[in-house]
Amino acid sequence: MMKSTKKSELTRARILDAALDRFRRQGFEPTTMRAIAAQAEVSLGSAYYYFESKEQFGQVLLENYFTGYLESLDILLRSDGSPARERFMRYWRRWMDLQEQGRCHGQCLVVKLGAEVSDLSEAMRMALHRGTDRIIARLAACVAEGAADGSLPGLDPPGVAQTLYELWLGASLLTKVRRDASALAAAMATTTTFLNRT
């Protein structure tokens, strides 16, 4: 029984990996269940056994994505003896580095799928909403630490976190449109200027 359960979990994970790869490369709408099953090397019936619809694939993928993203964010922002401001800026520098290396399309599902799926699926829209709210909450907590350690004094933590996250998300979308890093450079300059006012 244990061996069967493990095989089932591995098959489910393989199907999810195939769906993630397809969604990242093609987007949600053009990706079919048949293509996901073929890439995962399972029958179409097996894909439907684990997931009743492509929408459920998308919802589970987004939830898994945010779980992993938040784990990485917690590591990046956790107290390590450095001022909170330094850890906060580390996040934006990492964001910029990933985008400049052309890995954004393969990294950020919010940028890749956000606008597309929000009009197609309420379940996926809510997964994006919950996930981005949790990111902003983590960033706000870091700003609050900065107020406590004096490295980011005089700021409204939730407001700063939301404003900067929205700025960078917009810059990421413009980076895809322009195919250059000008919007990211502007976002970094604005972030630095904003924080230097404290």
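The values are calculated or read from the model by the stated rules, or taken from the named source; none is laboratory data. None of these values were measured; they are calculated from a predicted model. So basically every Cβ, Gly included, is an ideal-geometry build from the backbone, and we count neighbours across all protein chains shown.
Values computed for the structure shown
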| quantity | calculated |
| --- | --- |
| Looking only at region 118-136, and only at residues there that are hydroxyl-bearing (S, T, Y) and part of a helix (DSSP H, G or I), the one that is modelled with the highest pLDDT | T132 |
| The one condition in (1) modelled with pLDDT of 95 or more; (2) outside any helix (DSSP H, G or I); (3) acidic (D, E) that D180 fails to fulfil | (1) |
| Filter pass, A38 being touching a helix residue (DSSP H, G or I) at 6+ places or on another chain (Cβ under 9 Å), assigned to a helix (DSSP H, G or I) and either surrounded by 16 or more Cβ atoms within 10 Å (Cβ to Cβ) or not assigned by TED's automatic domain parsing to the domain that holds G131 (or both) | yes |
| Region 158-175, subset surrounded by fewer than 19 Cβ atoms within 10 Å (Cβ to Cβ) and in contact with a helix residue (DSSP H, G or I) (Cβ under 7 Å, 6 or more places away or on another chain), residue farthest from Q99 (Cα to Cα) | P158 |
| Given (1) within 19 Å of the chain's Cα centre (by Cα); (2) without any contact (Cβ under 8 Å) to a residue 60 or more places away in the chain, index of the condition E55 fails | (2) |
| Long-range neighbours under 8 Å by Cβ, at least six apart or interchain, first residue in contact (Cβ under 8 Å) with a residue 40 or more places away in the chain within region 82-93, second among the basic types (K, R) and surrounded by fewer than 15 Cβ atoms within 10 Å (Cβ to Cβ) | R87/R78 |
